[in-house]
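Note sheet for the following structure.
None of the figures in this text is laboratory data; all of them are computed from the coordinates on show. Only a predicted model underlies this, so the values are computations on that prediction, with no experimental measurement involved. For neighbour counting, all protein chains shown are included, and Cβ atoms are generated from backbone atoms with ideal geometry for every residue, glycine included.
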Amino acid sequence: MTIVLAQPECGSEVVDQKPKSPSENAFLAPEINSFGHSFRNYDAESERQKSVEEFYRLNHINQTYDFVKRMREEYGKLEKVEMSIWECCELLNEVVDDSDPDLDEPQIQHLLQTAEAIRKDYPNEDWLHLTALIHDLGKVLLLPRFGALPQWAVVGDTHPLGCAFDKSIVHHKYFKDNVDNNNPAYNTKYGVYSHGCGLDNVVISWGHDDYMYLVAKENGTTLPPAGLFIVRYHSFYPLHKEGAYEYLMNEEDVENLKWLKIFNKYDLYSKSKVLIDVETVKPYYQSLIDKYFPSKLKW
């Protein structure tokens with residue numbers, strides 16, 4: 001049976017959707033990444049940057065409207081494995097993201113660095129701490145038991161399919177070789193969509209974001225809609241960084257985007273060579289997992 005992706009329903013946890021100011025002694029975003037460059041600098045000359053650009057070349061050529069439809073149908077079955085959230089966190093020790101110009105540490109460290117930075121500034125928003133912990137778990141798609149998808153089908157910035165590729169998308173030049181770019185049904189501003197149709201009705205390039213969203217939603221998480229929105233669209237940088245495609249958003253998207261923009265500061269700037277002691281923080285995050293998720297999930 002194929003799962004139809006839909007806008008998340010509000011769980012049992014009541015969450016104030018209006019973001020509040022962070023606590024005192026707030027997290028300060030560094031100016032340079034762990035490689036000595038500015039964050040998200042895709043032009044700096046380095047071997048890392050060369051591999052990142054090659055990643056985006058493949059991504060922009062191969063991510064098509066039809067490809068995403070096939071991936072959603074296949075992975076919407078949730079029949080790869082059954083395991084807990086924390087078991088999945090530990091699997092990320094085997095994953096390094098080739099699209100990321102800012103970090104080459106195992107992904108579990110990025111999850112904990114993000115979550116701990118948010119926890120410092122928003123101590124009462126436990127759903128946001130957990131959202132940070134799980135937001136990249138979909139990167140297990142890179143591993144053999146999940147199909148060993150290529151990096152271009154799992155990580156990197158995301159963007160809509162079925163309409164024109166906005167110029168703000170990183171390494172936009174490579175879309176010239178994407179078959180959708182020459183399809184008159186898909187290469188106009190709105191393409192197959194309409195103004196204010198809502199992001200839930202927009203096909204976004206396939207990857208870890210959408211996969212983790214459907215895993216969380218279909219396994220009955222009680223995270224609030226803002227949490228699921230963050231999971232699903234945190235790599236949609238053309239929207240939340242450049243303001244592209246805002247004409248496709250509806251009112252609920254506008255409200256949830258406020259939380260995503262807060263989250264993005266920590267997702268991006270908390271990346272560091274200073275590692276988190278996993279065993280020290282594990283009990284706290286396990287308590288949140290128990291609160292918002294079942295003990296075992298279908299993936």
*asked:* Quick one: 3J(HN,Hα) in Hz for the stretch 178-185, Karplus 6.51/-1.76/1.60 with θ = phi - 60°, rounded, Gly and Pro as x.
replied: 8, 4, 5, 5, 9, 9, x, 6
*So who's got an amide H within less than 5 Å of the one on ALA244, skipping anything under 5 residues away but keeping other chains? H placed 1.01 Å off N, in plane.*
LEU239
_Distant-in-sequence amide H partners of MET83 (H built 1.01 Å from N, under 5 Å)_ = LEU297, TRP299
*Over the stretch 47-298, what is the relative contact order in whole percent, taking alpha-carbon pairs under 8 Å and six or more residues apart?*
28
_Amide proton proximity set for VAL203, modelled H, under 5 Å, gap of 5+_ = LEU161
_Sites LYS176 and GLU90, calculated FRET efficiency, Cβ-Cβ separation with R0 51 Å, nearest 0.05_ = 0.80
*So what are the ³J(HN,Hα) numbers for the stretch 155-171, from phi and the Karplus equation (6.51, -1.76, 1.60; θ = phi - 60°), rounded to whole Hz, Gly and Pro as x?*
10, x, 4, 10, 7, x, 10, x, 8, 4, 7, 5, 5, 6, 5, 4, 6
*Flagged links, alpha-carbon separation over 28 Å, of LYS173/LYS258; LYS80/LYS173; LYS69/LYS173; LYS265/LYS298; LYS77/LYS258; LYS189/LYS261*: LYS173/LYS258; LYS80/LYS173; LYS265/LYS298; LYS77/LYS258
*For the stretch 66-71, in order, what is each residue's ³J(HN,Hα) by Karplus, 6.51 cos²θ - 1.76 cosθ + 1.60 with θ = phi - 60°, in whole Hz (x at glycine and Pro)?*
5, 4, 5, 4, 5, 5
*asked:* What distance in nm separates the two pseudo spin-label positions at ILE61 and VAL192, each 7 Å out from Cα along the beta-carbon direction?
replied: 2.4
